[in-house]
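This report refers to the structure that appears directly beneath it.
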Amino acid sequence: MAGAPPGSGRVQRVGLLFRSWHREMDQLTDLFQSSTWWDGSRCFMVERTTHAPSWSVLSVQVGGRRSEPVEYNTRDLIIYALGIGSRDLRYVYEKDPNFAAFPTFPVALYYKGSSYDVLPFPSPILEAFPVPAVSGVKVWLDAGITIERCRPLPAGGRFTLEGGVASLQPKGKGALMEKLYDVKDDSGAVYYRMVDVSYLVGAHDIEAFGETLTKPKDVAKAVGSRAPKLRVEEKMEAGIASIYRLSGDYNPLHVDPGYAKTAGYDHPIVHGKCTLGHAARMLMDGLAGGDQRRFKSLQLRYAAPVLAGQTLILEAWEAPDAPEEYLFQVLVKETGFRFSIAGRGWHATPGLTRSFEGFFQPDEPQLSPEEQEAQDRQQASSEATAQALQSLRLNVQAGEDDEGLPLLRAAPVSVLQSKAKQSVVIFAVPVGKEQLITDVLLSMRIEAKGFSERNVLVAPAIVDLTSRRLVELPPNIRASKLLRQKPIALPLETSGEETATWGEVLSAEFEEAELQGTNEVMEMGLAVIVGREGDILRRGFGRPSWKVVFSETDVE
């Protein structure tokens with residue numbers, strides 16, 4: 001079934017109120033609140049993909065652009081992967097060292113929204129985006145989709161789905177509708193861009209609008225008589241639609257035989273996006289060893305439905321006009337090789353940043369004077385903090401004494417980075433919010449395995465924002481075993497001048513957060529991730545999401 005999604009967005013404005021929520025899957029959900037990054041200062045220049053889409057959410061025609069919250073957790077990622085037939089531990093086992101979101105997962109977000117329960121159909125988020133009134137519609141079907149990944153998703157998080165209907169055109173005995181969507185964080189940084197195409201069976205008396213943005217590729221014509229580079233055959237599981245629907249698309253067309261008959265089908269049909277997921281997985285397995293990091297984008301059109309239990313045959317050819325780009329089609333063996341899907345897939349080799357030809361075109365980003373001023377201020381602030389931290393010292397653990405207590409040695413941040421190749425996460429709270437330090441220390445204990453595999457230090461600190469000085473940790477925290485964790489490094493407090501400098505640097509960070517409108521920083525504390533090269537990778541407020549921290553520091 002079709003219903004909602006895709007998006008576009010061309011610019012990641014790294015310096016402008018970068019907020020990205022990341023939800024942990026822990027039983028202590030009341031303790032482990034989401035963290036919110038307010039400044040992606042890893043690159044303070046405007047980041048963008050080499051090619052920006054010719055379509056954009058600015059093209060939305062009906063009801064204007066809307067923004068709706070979407071969220072997911074690690075369990076959702078696993079359910080989605082199972083629903084597209086994956087048994088690869090990288091996508092179905094959360095403890096696998098390479099666990100990640102399967103790259104087509106975002107297509108599920110515009111069905112599930114922010115719910116973790118069974119949903120009516122259409123779901124609330126589908127109904128939140130206005131669609132034009134069309135007469136005679138019997139059923140909505142998935143007709144096609146374009147997906148471009150701009151950056152990988154974390155293992156759980158909260159985002160915004162922004163977009164709406166961009167075009168409606170008559171086609172055959174119905175109509176073709178295109179929706180544009182961005183999956184973005186609160187700053188406007190885009191993670192995915194999608195164009196979702198729906199076919200409205202039986203639609204008539206259509207008031208057409210908008211230009212059709214996606215054009216199907218004639219794969220047979222493009223490849224001629226060439227033999228495919230890849231040919232894979234796989235039988236769909238008999239109950240696959242019952243699993244896939246748990247990702248948010250509860251259209252009864254896919255499980256209820258009676259409902260399917262009213263829509264003109266002898267049996268329930270598999271979700272179009274379930275078939276999409278199978279095709280993407282078969283492509284990725286066959287061409288990229290199942291490595292999601294090599295996925296960039298995918299465009300396809302559906303030509304016929306698939307039934308659970310049928311056998312898919314995927315054939316893929318190298319595109320004659322673009323290296324590392326593939327044309328593909330999916331056939332159904334039981335229906336006499338009837339054509340099911342045709343598309344254009346692109347699996348990037350490391351370092352490549354081009355996308356499929358003819359669909360994207362260059363589009364230089366433009367900042368307003370106010371945005372440029374804010375970005376310049378934030379860049380200066382980031383550089384000043386990075387510079388000031390280099391000479392400041394931390395007490396790091398260098399073993400244990402005879403009583404099992406940690407032995408400490410003082411080392412400048414610059415030495416820890418240049419000699420020990422360590423990244424540092426500074427978590428600071430105002431006086432009166434000391435409990436947040438304990439919460440962070442406890443969350444580190446939960447992620448002990450992740451810390452043991454990485455060279456990351458965590459420096460907790462309390463700041464008196466009135467005197468702009470560092471304050472000693474209270475006795476209950478200093479006596480806690482949580483403070484003896486090996487990754488803990490404490491700002492040096494024996495030097496009055498150094499204590500004052502630490503306080504000045506962190507006070508300035510609180511001020512910068514408030515300038516960006518993040519008033520919650522006074523209640524939730526702030527975090528600064530300093531990379532091994534001395535640059536600030538991120539600044540944020542709230543308890544850090546360690547999965548995000550590990551992701552940031554791993555790719556340095």
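The values are calculated or read from the model by the stated rules, or taken from the named source; none is laboratory data. Values in this document were obtained by computation on a predicted structure and should not be read as measured data. Cβ atoms come from the backbone with ideal geometry, glycine included; neighbour counts cover every protein chain shown. Note: areas computed on protein heavy atoms with side chains; ligands, DNA, RNA excluded. Shrake-Rupley method; radii C 1.70, N 1.55, O 1.52, S 1.80 Å.
Electrostatic tally near residue 163: other residues with Cβ closer than 12 Å to its Cβ, Lys and Arg +1, Asp and Glu -1, net 0.
What distance in nm lies between label points placed 7 Å from Cα along the C-beta direction at residue 465 and residue 435? Each label point lies 7 Å from its Cα, and together they span 1.8 nm.
For the stretch 445-497, GluC sites (Glu not before Pro) are listed when DSSP marks them as loop and at most 13 other Cβ atoms sit within 10 Å of their Cβ; the list is 453, 472. The residue 514 and residue 383 beta-carbon pair, evaluated with R₀ = 25 Å, returns a calculated FRET efficiency of approximately 0.80. Its Cα centre serving as origin, the stretch 130-189 has a Cβ charge dipole (Lys and Arg +1, Asp and Glu -1) of approximately 260 debye. Legend: residue pairs 138/296; 215/235; 184/481; 173/333, Cα-Cα distance threshold 32 Å; pairs beyond threshold, 138/296; 184/481. Subtracting the Cα-Cα distance of residue 230 and residue 267 from their residue separation scaled by 0.36 nm leaves 10.2 nm. To put it simply, the accessible area of the stretch 266-314 at a 1.4 Å probe is 44 percent carbon and sulfur.
For the stretch 416-468, the solvent-accessible area works out to 40 Å² per residue, with a probe of 1.4 Å and every protein chain left in place.
Per residue, the accessible area of the stretch 214-267 comes to 58 Å², computed with a 1.4 Å probe over protein heavy atoms only.
For residue 246, the solvent-accessible surface with a 1.4 Å probe is about 90 Å², rounded to the nearest 10. Placing a label point 7 Å from the Cα of residue 211 along the Cα-to-Cβ direction, the residues of the stretch 184-203 whose backbone N falls under 19 Å of that point are 194-197.
Computed over protein heavy atoms with a 1.4 angstrom probe, the accessible surface ordering of 439, 285, largest first, is 285, 439.
Karplus-derived 3J(HN,Hα) values for the stretch 72-81, using 6.51 cos²θ - 1.76 cosθ + 1.60 with θ = phi - 60°, are 7, 10, 4, 4, 4, 4, 5, 4, 4, 4 Hz; glycine and proline are entered as x. List the lysines whose Cα lies under 20 Å from the Cα of residue 221, skipping any in the same chain that are fewer than 8 positions away. Cα-Cα hits under 20 Å: 229. Calculated FRET efficiency, residue 504 to residue 453, Cβ-Cβ distance, R0 = 35 Å: about 0.55 to the nearest 0.05. Can you give the charge dipole size of the stretch 220-291 about its Cα centre, rounded to the nearest 20 debye, using +1 on the beta carbon of Lys and Arg and -1 on the beta carbon of Asp and Glu? Computed about the Cα centre, the dipole is about 340 debye. Put simply, when 176-182, 389-395 are sorted by average Cβ atoms within 10 angstrom per residue, most first, you get 176-182, 389-395. The peptide list 462-468, 94-100, 293-299, put in order of mean Cβ contacts within 10 Å with the highest first, becomes 293-299, 462-468, 94-100. Multiplying each eigenvalue of the alpha-carbon gyration tensor of the stretch 380-531 by 5 and taking the square root yields semi-axes of 23, 18, 16 Å, largest first, rounded to whole angstroms.
Within the shell defined by Cβ-Cβ distances under 11 Å, the residues around residue 94 carry a net charge of +3, with Lys and Arg each +1 and Asp and Glu each -1.
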